[in-house]
Ligand SMILES: Cc1cc2nc3c(=O)[nH]c(=O)nc-3n(C[C@H](O)[C@H](O)[C@H](O)COP(=O)(O)OP(=O)(O)OC[C@H]3O[C@@H](n4cnc5c(N)ncnc54)[C@H](O)[C@@H]3O)c2cc1C
């Protein structure tokens, strides 16, 4: 999503992804809430998701279902759509925006100076960029290498 946003702002951007293909193990998240659909709509891509999922009233609080069909929004519903489809559609979008995706290569480290960042890849190559953004998940190598903490608890305490 960030790569798409940057490309729309005419920023020269590239993605490094360790997975060799768009395939995603497991289904993971099951859909999108109203606000996310609104943001995708602002980018002109909401229909791509809506056409492949199932709209439904999915909002809730403390297991109490909330019907938001009278909310003043074009998207007063949620969307059931598995994460592997969400990622596939987003990848198609950034592909149209001509964002290069370096697949099958892991970021193994980086070094930074005042002018930018050298990003080391597992195939021995490196990329030079002004900025490096760690969109590499909860166990982020980028965050860890940059010394950025991820404070919190491993799991919810029992009640
Ligand atoms: C089994 C499971 C079930 C889940 N169910 C739900 C759910 O029902 N609802 C919900 O909201 N969320 C769910 N989640 C959580 C949701 O999937 C994550 O919150 C979401 O994917 C996080 O997005 P992200 O972009 O931060 O990281 P990720 O989706 O983890 O994306 C990080 C990407 O970076 C790549 N990467 C990582 N390290 C490197 C590296 N060194 N070099 C190159 N590439 C790298 C990874 O291959 C991956 O493609 C679930 C997660 C799992 C594992």
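The values are calculated or read from the model by the stated rules, or taken from the named source; none is laboratory data. Just so it is clear, the structure is predicted and the values come from calculations on it, not from any experiment. Glycine also receives a Cβ, built like all others from the backbone with ideal geometry; neighbour counts cover every protein chain displayed.
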**Q.** Verdict on residue 27 being exposed (fewer than 13 other Cβ atoms within 10 Å of the Cβ), in contact with a strand residue (DSSP E or B) (Cβ under 8 Å, 6 or more places away or on another chain) and modelled with pLDDT under 95
**A.** no
The lone condition residue 54 fails out of (1) in contact with a helix residue (DSSP H, G or I) (Cβ under 8 Å, 6 or more places away or on another chain); (2) farther than 30 Å from residue 145 by Cβ; (3) modelled with pLDDT of 95 or more is (1)
Given the conditions (1) surrounded by 15 or more Cβ atoms within 10 Å (Cβ to Cβ); (2) in a loop (DSSP other than H, G, I, E, B), every one holds for residue 37 apart from (2)
Considering segment 93-110, residues that are out of contact with any helix residue (DSSP H, G or I) (no Cβ under 6 Å at 6 or more places or on another chain) and assigned to a loop (DSSP other than H, G, I, E, B), and then whichever is surrounded by the fewest Cβ atoms within 10 Å (Cβ to Cβ), we arrive at 98
Going through segment 1-21 in order, the residues found to be assigned to a loop (DSSP other than H, G, I, E, B) and farther than 20 Å from residue 138 by Cβ are 9, 10, 11, 12, 13, 14, 20, 21
The correct count of residues that are in a loop (DSSP other than H, G, I, E, B), within 26 Å of residue 2 (Cα to Cα) and within 16 Å of the ligand (Cβ to nearest atom) in segment 41-76 is 3
Picking from 38, 120, the residue that is under 22 Å from residue 146 (Cβ atoms) and either within 11 Å of the ligand (Cβ to nearest atom) or in contact (Cβ under 8 Å) with a residue 12 or more places away in the chain (or both) would be 120
When every residue in segment 123-159 that is near the ligand (Cβ under 9 Å from one of its atoms) and not in a helix (DSSP H, G or I) is compared, the one surrounded by the fewest Cβ atoms within 10 Å (Cβ to Cβ) is 138
